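Encoded as structure tokens, the structure appears first; notes follow it.
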Amino acid sequence: MKLIRTESYEEMSRVAANILAAQITLKPNSVLGLATGSSPVGMYKELIKKYEAGDIDFSDISTVNLDEYKGLTRDNDQSYYYFMNDNLFDHVNIDKARTNVPNGMAEDPEAECVRYESLIKELGGVDLQLLGIGRNGHIGFNEPSDSFDKATHLSDLEESTIEANKRFFASIDDVPRQAFSMGIGTIMSAKKIVVVASGADKADAVKKAFTGPVTPQVPGSILQFHPDVTVICDAEAYSKIEE
Ligand code: GLP
């Protein structure tokens with residue numbers, strides 16, 4: 001595992017965008033596993049700039065997103081489907097038919113999980129998976145638990161996650177209580193993983209997940225067992241590691 005400390009959110013975003021751009025350049029038909037949340041927004045902006053400068057081409061890229069809230073329609077501006085279009089897909093030359101997000105409105109959630117997991121396999125697996133990390137150490141919506149979830153599943157969100165994510169919604173009651181998420185097994189199958197973490201409220205999670213014991217109580221800690229992980233932190237997120 002490579003831990004990189006950057007000075008600022010902007011620098012973290014540039015470093016992460018450079019890694020994604022290198023992946024796109026070296027393998028133009030890469031399958032990218034993408035993430036939402038505030039952490040990767042700056043990185044997506046940098047990728048758009050690189051696309052506009054003519055440095056990267058998304059035309060053969062496929063994407064699979066990590067997770068999606070259950071019960072939000074695609075046109076809901078808090079759905080992760082909407083987020084991806086808004087923050088990246090609408091601004092680059094990606095073929096939207098090759099972009100994939102779990103269907104939060106699926107009538108049969110179990111069938112949706114099976115469909116999503118097989119879709120990733122049919123695509124040949126994820127070449128590079130981008131991740132953020134939750135304040136409680138979650139990755140995707142794999143919440144702290146007694147065991148690691150292997151495959152895509154419907155997850156019950158922790159109270160602390162609902163609390164952390166309420167800032168995006170009109171009120172806490174509007175935050176969905178469940179979400180579809182790739183499993184830990186799905187994430188660990190990616191060939192390469194890049195994590196972005198920013199801000200003082202992530203410092204504990206970063207320290208526990210990347211320097212503490214590997215445990216399902218800190219889901220991100222499993223990444224210590226992956227052979228190719230790069231964690232890019234801003235100074236605040238990295239601050240507890242220096243203690
Ligand atoms: C969300 C998402 C995660 C994300 C994390 C951190 O709940 N499910 O994929 O990495 O929480 O979000 P943020 O980057 O906004 O802090």
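Under a point spin-label approximation (7 Å from Cα along Cα-to-Cβ), what is the D57-S118 distance to one decimal in nm?
Distance between the two pseudo-spin positions: 3.3 nm.
What list of whole percents do you get for P(r) of the stretch 2-242, with Cα-Cα distances grouped in 5 Å bins up to the one holding the largest distance?
All Cα pairs considered, the percentages come to 1, 7, 15, 20, 21, 19, 12, 5, 1, 0.
Given +1 on the Cβ of Lys and Arg, -1 on the Cβ of Asp and Glu, and no further charges, what dipole in debye does the stretch 72-209 carry about its Cα centre, rounded to the nearest 20?
Around 680 debye, computed over the stretch 72-209.
Which whole-number value in Å³ per residue fits the convex hull of the alpha carbons of the stretch 156-220? Write out the running numbers ahead of the final one.
Numbers: hull volume 7.7 nm³, N = 65.
Expressed per residue, the convex hull around the Cα atoms of the stretch 156-220 is 119 Å³.
The stretch 1-140: Rg/Rh from Cα coordinates, Kirkwood Rh?
For the stretch 1-140, the value is 0.95.
Just to check, using Stokes-Einstein with a Kirkwood Rh over alpha carbon pairs, what's the diffusion coefficient of the stretch 88-131 at 20 °C and 1.002 mPa s in µm²/s? Each step should come with its number before you reach the end.
Details: Rh = 12.2 Å.
D = 176 µm²/s.
From the residues V196, H138, F180, which one has its Cα farthest along the dipole of the chain in the positive direction, the dipole being from +1 and -1 charges on Cβ of Lys/Arg and Asp/Glu about the Cα centre?
The residue sitting most towards the positive pole is V196.
Measure of size requested: the Rg and Dmax of the stretch 91-233, with Cα atoms as the atom set and Å as the unit; please supply both.
Cα-based Rg and Dmax for the stretch 91-233 come out at 15.4, 42 Å.
List the residues whose amide H sits under 5 Å from the amide H of T230, counting only those 5 or more places along or on another chain, with H placed 1.01 Å from N in the peptide plane.
Those lying under 5 Å, H to H, from T230 are K2, I193, V194, V195.
At a 1.4 Å probe, what is the % contribution of carbon and sulfur to the accessible area of the stretch 2-242?
48 percent
At Q217 and D90, where each label point lies 7 Å from the Cα along Cα→Cβ, what is the point-to-point distance in nanometres?
With each label placed 7 Å out from Cα toward Cβ, I get 4.3 nm.
Summing +1 for each Lys or Arg and -1 for each Asp or Glu, what net charge is found among the other residues whose Cβ lies under 12 Å from the Cβ of K192?
Within the 12 Å Cβ shell, the charges total +1.
Would you mind working out the magnitude of the charge dipole of the chain relative to its Cα centre, with +1 at each Lys and Arg C-beta and -1 at each Asp and Glu C-beta, to the nearest 20 Debye?
On the way: 24 positive and 38 negative charges, 138 e Å.
Rounded to the nearest 20 debye, it is 660 debye.
Calculate how large, on average over all directions, the projected area of the Cα convex hull of the stretch 126-176 is; give the answer in nm² to one decimal.
Computed as one quarter of the Cα hull surface, the answer is 4.4 nm².
What whole-number value in Å² describes the accessible area per residue of the stretch 14-173 for a 1.4 Å probe?
About 46 Å² of surface per residue is accessible.
The values are calculated or read from the model by the stated rules, or taken from the named source; none is laboratory data. This one's a predicted model, so the numbers in the text were calculated from it and none came from an experiment. All Cβ positions, even for glycine, are placed from backbone atoms using ideal geometry, and neighbour counts span all protein chains on display. In case anyone asks, the SASA skips ligands and DNA or RNA and just uses the protein heavy atoms, side chains included. Shrake-Rupley method; radii C 1.70, N 1.55, O 1.52, S 1.80 Å.
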